[in-house]
Structures are given as structure tokens and as C-alpha cells.
1. Restricting attention to segment 169-179, and to residues there that are touching a helix residue (DSSP H, G or I) at 6+ places or on another chain (Cβ under 9 Å) and part of a strand (DSSP E or B), which single residue is surrounded by the fewest Cβ atoms within 10 Å (Cβ to Cβ)?
2. For segment 125-167, what are the residues that are outside any loop (DSSP other than H, G, I, E, B) and under 21 Å from Gln109 (Cβ atoms)?
3. What residue, of Gly55, Gly44, Gly51, is small (Gly, Ala, Ser), in contact with a Leu (Cβ under 6 Å, 6 or more places away or on another chain) and in contact (Cβ under 8 Å) with a residue 40 or more places away in the chain?
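The values are calculated or read from the model by the stated rules, or taken from the named source; none is laboratory data. These numbers come from a predicted model, not from an experiment. Here the Cβ positions follow ideal geometry from the backbone for every residue, glycine too, while neighbour counts run over all protein chains shown.
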Amino acid sequence: MMRALILALFATCATAQTDTDVPFVVTPDNVTREMLKLAGVKPGDFVIDLGSGDGRIVIVAARQFGARGLGVEIVPELVQKSRDNAMRAGVADRVEFRVQDLFATDLSQATVITMYLLPEVNLQLRPRLMALKPGTRIVSHDWDMGDWKPDRVVTVEAPDKPIGREKVSRLFLWTVPAR
Ligand SMILES: C[S@@+](CC[C@H](N)C(=O)[O-])C[C@H]1O[C@@H](n2cnc3c(N)ncnc32)[C@H](O)[C@@H]1O
């Protein structure tokens, strides 16, 4: 029921946008931090956020967790905003934001992938994610990856969540297994 409601809200947002697989909905700041903690992000990590919106996940990964990172985002205005936000946060030398289709992005540099997308987009990405370097951590906000069972699932209070009545977020963690 809650899943259907959130999907409907995402769909409502999507009608205002064109040419994106997922509408722009922010991950609240406290949830961003929990995602990065769940992935165990630390200096030396390279975080790629797929569909990076205003850049917050990659910027927090650099500023608070000491990582480097890349955000890929299809909407040019959001990429510009992300670059401005990175400058203001003092991490512009450690992060990059690109106008790019996430399905065309080279993910091989990632040690951590973050995403707040949609269930069917997660499923489309799954074969590429499963083929990443063993040990790569993947964290998804709210949506799972079907029968690829997560290593951990965490529920986080999210009072600032812009969608849904419940104001909680579910976070899923996978670690790419050895081949
Ligand atoms: C739900 S928002 C998440 C934003 C950010 N990651 C966060 O958690 O705050 C999804 C983002 O993906 C972007 N997006 C949708 N389809 C995309 C695509 N094919 N390639 C790159 N970005 C895309 C949207 O424009 C939107 O900003």
C-alpha cells in the first residue's frame, strides 16, 4: 500500500519533467548520512551517485566522509546547481558532476554506488551492478533489486522527506560478491 502510494507520488512528480527515468526528489540530509554510513564510506572511497539531483550525496561523501566522487545527472540545471553547491561546500576539487545518462556511465571506478531511483530502473541496472568489482558497495534509497537479496536493510526516520505520509526511508545495502 505504502509502496503504491510512493510510486504514485513519484509518477505525479514525473509529469512535470520530460526525458528522465526518475523525477527529481531529494534524499533528506539525515538519510544521506545514513546511506553513506551504511556503505561504510571512508577516505579512499570513490562514490558514484546515479541520478545525482542537486549533488548532495556526493558532496556529503566528500565533506563529511573524506571520499571522492562523481554525480551523473540528466538535467543540466541540476548539474550546474551541484557544481555551485560543491564550490560552496569547499569540495569542488574532490567531486565531479556530469550531464550524462546513468545508463551510459562507466561505473568501473566506483567503490560505492548510491541511488535513489525507481524499482524498475534498479532492476535494469542490476546486471551491470552485479558485474562491478567484488567488494563494491551499493546503497539504494527506498527500492530493492528484486531477488538480489540485500546484505542489510535499515529503516530511518525521515521527517523532511518530501514524499509519502510515513516519513521513513528504507535503505538497502549490497556488496558485490567474489566471482
Ligand atoms: C529521486 S532523484 C534523486 C536525486 C539524488 N540522488 C538524491 O538522492 O537526492 C533522481 C534523479 O535522477 C535523475 N535522472 C533520471 N533519469 C536519469 C538518467 N537516465 N540519467 C541520469 N539521471 C537521471 C533525475 O533528474 C533526478 O534528479
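1. Among them, the one singled out is Leu173.
2. Leu125, Arg126, Pro127, Arg128, Leu129, Met130, Arg137, Ile138, Val139, Ser140
3. Criteria check complete, one pass: Gly51.
Listed here are the residues, each with its yes/no results for (1) on the phi < 0 side of the Ramachandran plot; (2) near the ligand (Cβ under 8 Å from one of its atoms); (3) modelled with pLDDT under 95; (4) out of contact with any Ser or Thr (no Cβ under 8 Å at 6 or more places or on another chain).
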residue: Gln17; (1), (2), (3), (4): yes, yes, yes, yes
residue: Val25; (1), (2), (3), (4): yes, yes, no, yes
residue: Lys37; (1), (2), (3), (4): yes, no, no, yes
residue: Ile57; (1), (2), (3), (4): yes, yes, no, no
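Residues checked against (1) modelled with pLDDT of 95 or more; (2) within 11 Å of the ligand (Cβ to nearest atom); (3) in a loop (DSSP other than H, G, I, E, B):
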site	(1), (2), (3)
Gly40	yes, no, yes
Gly53	yes, yes, yes
Val60	yes, yes, no
Leu78	yes, yes, no
Asp93	yes, no, yes
